[in-house]
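Engineer: Take this structure first; my questions come after.
The values are calculated or read from the model by the stated rules, or taken from the named source; none is laboratory data. This structure is a prediction, so every number in the text was calculated from the model and none was measured. Ideal geometry is used to build each Cβ from the backbone, glycine not excepted, and the neighbour counts take in all protein chains shown. Side chains included, ligands, DNA and RNA excluded: accessible areas come from the protein's heavy atoms. Shrake-Rupley method; radii C 1.70, N 1.55, O 1.52, S 1.80 Å.
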Amino acid sequence: NKGKYEHYMQKEIHEQPESLTTTMRGRLKRGGSTKAKTVLLGGLKDHIKSIRRSRRIVFIGCGTSYNAALAARPIIEELSGVPVTMEIASDLVDRQGPIYREDTAVFVSQSGETADTLLALEYALENGALCVGITNTVGSAIARNTHCGIHINAGCEIGVASTKAYTSQIVVMAMLALAIGDDAISSQARREAIIDGLFDLPNKVREVLKLDQEMKELAKLLIAEQSLLVFGRGYNFATALEGALKVKEVSLMHSEGMLAGEMKHGPLALVDENLPIIVIATRDACFSKQQSVIQQLHARKGRLIVVCSKGDAAAVCPGGSSSCRVIEVPQVEDCLQPVVNIIPLQVCI
Ligand code: F6R
């Protein structure tokens, strides 16, 4: 039942505070007698040591699921210390790329039935890797054929364009990072801050969903355009790819997500006063680099729409509101920021 919404995708976008809550339910512990903050992923508990000891973690998926894994990659690398590589399922199979017994191969798929991802799973099993599934569908082929896994529990996703599954996948993979890194004293404070951030995330998502009207107005301005670029980096390179994918798929407009660090190596040539460009520039370790990207785009008279942290409008847009449009979102723990940042892009399509 779509309730008050025009279509399922819109309903699922607005459901995210609840779907994220279900994704985390029973898995995060805070307080108690020891006051320890911990993560419990039942489906992985017998395998977490092997994952920690693996030589490499390989994320494998397609489309939005691949993008979710890309968003989680930095925090998995940081908290596990294990190198993480990314594979688009079809490309891994096309190349017959190297997968070893010492690898942990993590298959990310909302449906758990995507043919390309299943072929890649078959291939990784043949090569002897430990195979982990992250799916939204209990009993799906990927859930059945992997050695272990985590259900994202986001609730049935009916809209063809994946929205709530994306944010729940990121949260599950952040919890995976916490579980793998659980034995390291040196990162305990960081892990606790992320757990606090996870508890508060549904509220922040609720807050950013209030931008609905503002984003619809922005969408009206963009509807007649030929093309849209989205620049992000670090945790939010994935936001750029995923935002552009949603625009292509739903608004049927050409759109490209790009790594901001690559801007000066080619894409800058496209920038003029006509092409709209979204820059993701929320606060994290890459913020000052994004400020300088914005300056370079300004110098080319780029038509900018900047997604920034609350209160940062002047810091990202020195020329004031005449030179660019600013969308302010609540700041959260850096590795969770992609969950918040994708929402304005989802609601504007
Ligand atoms: C985009 C979208 C697709 C899927 C992709 C993988 O909105 O929905 O890109 O993400 O086809 O599907 P799953 O996650 O079911 O394996």
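Engineer: Search the stretch 12-56 for residues being without any contact (Cβ under 8 Å) to a residue 60 or more places away in the chain and assigned to a helix (DSSP H, G or I), and hand back the single one that is most open to solvent (accessible area, probe 1.4 Å).
Structural biologist: ARG53
Engineer: Please specify each residue of the stretch 45-58 satisfying the condition of being farther than 13 Å from ALA177 by Cα and of a type in the set (A, V, I, L, M, F, W, C).
Structural biologist: VAL58, the sole residue that qualifies.
Engineer: Another one. Could we say that SER140 is within 16 Å of the ligand (Cβ to nearest atom), at pLDDT 95 or above, open to solvent by less than 10 Å² (accessible area, probe 1.4 Å) and of a type outside the set (Lys, Arg) here?
Structural biologist: yes
Engineer: Also, I was wondering about something else. State all residues of the stretch 321-349 that are β-branched (Val, Ile, Thr), modelled with pLDDT of 95 or more and in a loop (DSSP other than H, G, I, E, B); if no residue qualifies, say none.
Structural biologist: VAL332, the sole residue that qualifies.
Engineer: Looking only at the stretch 41-60, count every residue that is touching an Asp or Glu at 6+ places or on another chain (Cβ under 8 Å) and within 17 Å of GLY133 (Cβ to Cβ) and tell me the total.
Structural biologist: Residues meeting the conditions: 6.
Engineer: Given the options ASN127, ASN153, ASN145, name the one that is open to solvent by 10 Å² or more (accessible area, probe 1.4 Å) and touching a residue at least 40 places away in the same chain (Cβ under 8 Å).
Structural biologist: ASN153
Engineer: Another question, then. If you go through the stretch 80-115, how many residues are under 25 Å from ASP182 (Cβ atoms) and open to solvent by less than 10 Å² (accessible area, probe 1.4 Å)?
Structural biologist: Of the residues in the stretch 80-115, 8 are under 25 Å from ASP182 (Cβ atoms) and open to solvent by less than 10 Å² (accessible area, probe 1.4 Å).
Engineer: Just one of ASN203, ASN136 is closer than 19 Å to LEU28 by Cα and touching a His at 6+ places or on another chain (Cβ under 8 Å); which is it?
Structural biologist: The unique qualifying residue is ASN136.
Engineer: While we're looking at this one, here's another question. Which ranges mark the helices (runs of 4 or more DSSP H) fully within the stretch 151-261 that have 1 or more residues being under 26 Å from GLN291 (Cα atoms) and away from the ligand (no atom under 16 Å from the Cβ)?
Structural biologist: Passing ranges, in order: 188-209, 212-222, 237-246.
Engineer: Can I ask one more? Any idea which residue in the stretch 92-128 is farthest from the ligand (Cβ to nearest atom), counting only those that are within 20 Å of VAL82 (Cα to Cα) and polar (S, T, N, Q)?
Structural biologist: Among those that are within 20 Å of VAL82 (Cα to Cα) and polar (S, T, N, Q), it is ASN127.
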